[in-house]
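Inspection log for the structure reproduced underneath, given as structure tokens.
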Amino acid sequence: MKSQRQNDTEVCLTITRLTKLSKNSTNVREDLLPTDLLIEIFSRFPTKHIAKYIATCRCVSKLWSSIFYRPEFTDVLFLTKSSASPQLLFACQTQSELLFLSSPQPQDPVENPSLVTASCLTKVPVNFSNESFSTINGFLCLRYDIVKERKSSKMQFICNPSTGQRLPLPKMKTVGQKSYFGYDPIGKQYKLFSMTSSNDKYKGNWKEYRILTLGTQKLSWRRKECCVPHCPVHNEICINGLLYYRANGDGFTKATMIVCFDFRSEKFSFMKVTENFSRAVDHKATLINYNGKLGSLRWEEPYSLSRGTGSFVLWVLQDAEKHKWSKHVYVLPPLGIELAEMAELYFVGVIGTDEIVLSLDIPAKPFYLFYYNIKRSSIVRVEIQGIQALKGRSVRTLLNHVENVNLM
């Protein structure tokens, strides 16, 4: 039986021969191979070099280029396969570019501890704005700073780390802007929801709400009314087409509500934060996707080097209409390593049904991720090779990233 490496090599050789034949001969017809067979060949691309192969094949002919837009290739074959084997995505800002790396996402690391190797995906030549971002079906929405004639402005674009493709987004004539990227799984549409203020001195509620639907011939922002003026605070999470973010009513106080925006219906709903669960949404908490439900992680006692332990709380929203939350407290056992001075653990998110992933805010050498199993009350560390060269730089870790070859 052939190994996966042998299969990948044969696929690469086949594509190379066909590409050379097509370029060197004026008599080669585009239908040299049936479209179904081409789709099958392309679907076997090694994901490690997917951007390189796609870029090469798109230059062969219009037919080959059109295949990468076909849903039966981008969604049915490639995205479905990629979703079955999600990746870890790492983002690191260097002096002049944003570097993306990926590695296999360990499955059940408590039972099968190991090390994984990260490889470079692509580089984006921008100085990235220091804001949070998340991966949606393999796409990212990034903002970066542009300085022109001593004036600074922010530009937005959609980035596909797998292919290196970037899609600039239309600007809005406003100063303050906060955007959220999401996906409607029923309508199969990517959208941006943005809030803006009309001047930079305004510190209260954001005055304008707009929607941008991707995939349309002409990208343009649409106005959206909101019956409850509010100001977003801290991080957000998108779960099955529902965007959750914390907000307050005046722009100055702590979070007093959780806002839910439905990317399909484009409607808002609001959950008032009661005193009992105010700590679940304060600035020290991290919103997460917990088995398809809104969850929140917060340290109750930060991890102590002297004690070698720490405790945290997991809140899970059980009933959005009744604002009913469940609360669980867990104690983190010793990590088995010496942390650098002043280093702190932060919550990355959750994989599977019960694995909470943590990382260091200051990357160490070697670079570790920590997996805490809430059912077994056990923790393991997984070494990520290939990150060592980025020591001293901030590395952001994103979970459940999928390789997506969709071209916007």
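Read-outs throughout are calculated quantities, based only on the coordinates presented, and are distinct from any laboratory measurement. Keep in mind that this is a model prediction, so the values were computed, not measured. Methodologically, a virtual Cβ is constructed for each residue, glycine included, from the backbone with ideal geometry; neighbour enumeration extends over all protein chains shown.
Modelled spin labels at Asp36 and Lys171, positioned 7 Å past Cα toward Cβ, are 5.1 nm from each other.
Please sort 63-73, 396-406, 85-95 by packing, taking for each peptide the average over its residues of neighbouring beta carbons within 10 angstrom, highest first. Each step should come with its number before you reach the end.
On the way: 63-73: 15.5, 396-406: 21.4, 85-95: 18.8.
Result, highest mean Cβ count within 10 Å first: 396-406, 85-95, 63-73.
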